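The values are calculated or read from the model by the stated rules, or taken from the named source; none is laboratory data. Bear in mind that the values here come from a model prediction, so they are computed numbers and not experimental data. Cβ atoms come from the backbone with ideal geometry, glycine included; neighbour counts cover every protein chain shown.
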Amino acid sequence: MTYDLIIRNALITTSESEALGSVGIQNGKFVKIGVVEDNGRSEIDAKGLTLIPGVIDTQVHFREPGLEHKEDLESGTRSAILGGVTSIFEMPNTNPTTTTAEALRDKLGRAAGRAWCDFSFFVGASKENVSALSELEMLPGSPGVKIFMGSSTGPLLVDDDEHLRQVLRNGKRRCPIHAEDEERNVARKSLMSDHPHAREHPFLRDAESARLATTRILALSKETGRPVHVLHISTADELPILKAAKDDGLGTTCEVTPQHLWFAAPDCYEKLGTFAQMNPPLRSAEHREGLRKATKAGLFDVIGSDHAPHTIQEKQRPYPQSPSGMPGVQTLLSVMLTLCSQGLITLKDFVRMACENPARIYGIKNKGFLKEGYDADFVLIDPQQKRVFERSMIASKCGWSPYEGEALTGWPIHVFLRGEQMVTEGQLTGRQTGQAVEFTWK
């Protein structure tokens, strides 16, 4: 047969294998992987490049509707595809919040014809929509229900055990959790100094806040039988609790972010000030080392960016008036490839955490794996290429990155979405053909 596209001489990498070979693509799907003897209407010689599945970033905040001055679905998905991310899961803390079927439909409509990568949108749990969650989580275009135990937008805070219990009992899909203890965080605001600085952020939202919340949600997960996915783990204190939950067979999964593996206090706050401020906070080198060891040991299931942009002007406000959050979807792949080059994990580990496990955990249809019949979402990377990440490269509307000036090793060169070349030699060349991610849950 004659394929639409053949990629030849790539180092094809999955979580289980690395082998030189070729892939044949027809009608947006992988048709042949390994040895391709036929011809293609278009062919790319990928000698010297590594082929991995498209990255699936399961935690981004693209700010539309209501906060489009920071980011929107066009600029956010453009940042994603330039970084080798071919599918995103967007969070519900927009304005209005995504807590109804109408709000979900509105987001899906906004993304149609504007998105550079594929997309889906979490529904947010609130105390008002508890009884509807089992229906909302099954709507097309959504990966399920997100729970905020720590302060968030509008009605999205669910901080007491009784409402958390009700949320977990109304549905069956795995719930991603922002686990910080709201009561403790509020109480500790009184400990702020007379001349506050962002370096106080990990003291005020301390490690005990994260440990308490993670302990509480895992106990409720066990009580209700509802599996949870604990997001952006930031402390060494949570690691034995998560391991015990996994050993107990609760179905627990968890995420770590590139920034919690990269930055450490107090240096990041001295260098970046409020631009290093996020929730849960960037913490000490001891916590970072704990997270790195756990990553290397395979405790974490997923890498997510927690892309949460704010404008430069907003981040320049004095602490604590400055908002928490930083961009990261465009740099997720290159930062993690840099950590791979430093021996933190292997590229096969990264593929497992950033491509395959998101598909497994959320039941994504035909994505995340290099398999015949699956969507031809993939990235050709140069794991040896070294470049300094500069402000001029940033696609996000926010216009800044905590990684500016950092020397990164490993870059996406060509990015494909369902067989269409979206990025060529690091430059956007495709069309806004992103579609809603489909799921296998019934």
For the stretch 221-242, enumerate the residues that are touching a Leu at 6+ places or on another chain (Cβ under 6 Å) and either in a helix (DSSP H, G or I) or surrounded by fewer than 17 Cβ atoms within 10 Å (Cβ to Cβ) (or both). Ser221, Lys222, Thr224
Given the criterion β-branched (Val, Ile, Thr), in the same structural domain as Leu337 (by TED's automatic domain parsing) and under 19 Å from Leu282 (Cβ atoms), identify the matching residue among Ile241, Ile233. Ile233
Lone unmet requirement of (1) modelled with pLDDT under 95; (2) within 17 Å of Gly434 (Cβ to Cβ) for Gly28: (1)
Scan the stretch 313-351 residue by residue and report those that are over 23 Å from Gly426 (Cα atoms), of a type in the set (D, E, K, R) and surrounded by fewer than 22 Cβ atoms within 10 Å (Cβ to Cβ). Glu314, Arg317, Asp349
Failed condition for Gly48, given (1) in contact (Cβ under 8 Å) with a residue 60 or more places away in the chain; (2) farther than 29 Å from Thr346 by Cα; (3) surrounded by fewer than 16 Cβ atoms within 10 Å (Cβ to Cβ): (2)
Taking the stretch 12-36 and the residues there that are farther than 17 Å from Gly54 by Cβ and among the charged types (D, E, K, R), the one that is surrounded by the fewest Cβ atoms within 10 Å (Cβ to Cβ) would be Glu16
Give the residue, chosen from Leu417, Leu347, that is modelled with pLDDT of 95 or more, within 30 Å of Pro227 (Cα to Cα) and either within 20 Å of the chain's Cα centre (by Cα) or assigned by TED's automatic domain parsing to the domain that holds Cys117 (or both). Leu347
Does Ala132 meet the test of being over 22 Å from Arg216 (Cα atoms), among the small types (Gly, Ala, Ser), out of contact with any helix residue (DSSP H, G or I) (no Cβ under 9 Å at 6 or more places or on another chain) and at pLDDT 95 or above? no
Does Asn9 fit the bill of being without any contact (Cβ under 8 Å) to a residue 40 or more places away in the chain, surrounded by fewer than 22 Cβ atoms within 10 Å (Cβ to Cβ) and outside any helix (DSSP H, G or I)? yes
Conditions (1) at pLDDT 95 or above; (2) in contact with a helix residue (DSSP H, G or I) (Cβ under 8 Å, 6 or more places away or on another chain); (3) within 21 Å of Gln321 (Cα to Cα) -> Ser151 fails only (1)
If only one of Phe300, Phe378 is in contact with a Pro (Cβ under 7 Å, 6 or more places away or on another chain) and either buried (at least 17 other Cβ atoms within 10 Å of the Cβ) or touching a residue at least 40 places away in the same chain (Cβ under 8 Å) (or both), which one is it? Phe378
Filtering the stretch 157-171 for residues that are without any contact (Cβ under 8 Å) to a residue 40 or more places away in the chain and within 17 Å of Leu212 (Cβ to Cβ) leaves a count of 6
Pairs, please: C-beta under 7 Å, at least 6 apart or cross-chain, first residue closer than 14 Å to Leu157 by Cα and in the stretch 85-96, second part of a strand (DSSP E or B) and small (Gly, Ala, Ser)? Pro92/Gly124; Asn93/Gly124
So which pairs qualify, if the first residue must be in the stretch 257-284 and more than 20 Å from His61 (Cβ to Cβ), the second must be assigned to a loop (DSSP other than H, G, I, E, B), the Cβ gap must be under 6 Å, and the two must be at least 6 apart or on different chains? Ala265/Leu282; Ala265/Arg283; Cys268/Leu282; Arg283/Ser234
Here is a check on your reading of the model: is Gly76 over 26 Å from Pro323 (Cα atoms) and either surrounded by 21 or more Cβ atoms within 10 Å (Cβ to Cβ) or at pLDDT 95 or above (or both)? no
Restricted to the stretch 200-216 and to residues being surrounded by 23 or more Cβ atoms within 10 Å (Cβ to Cβ) and aliphatic (A, V, I, L, M), the residue nearest to Cys175 (Cα to Cα) is Ala213
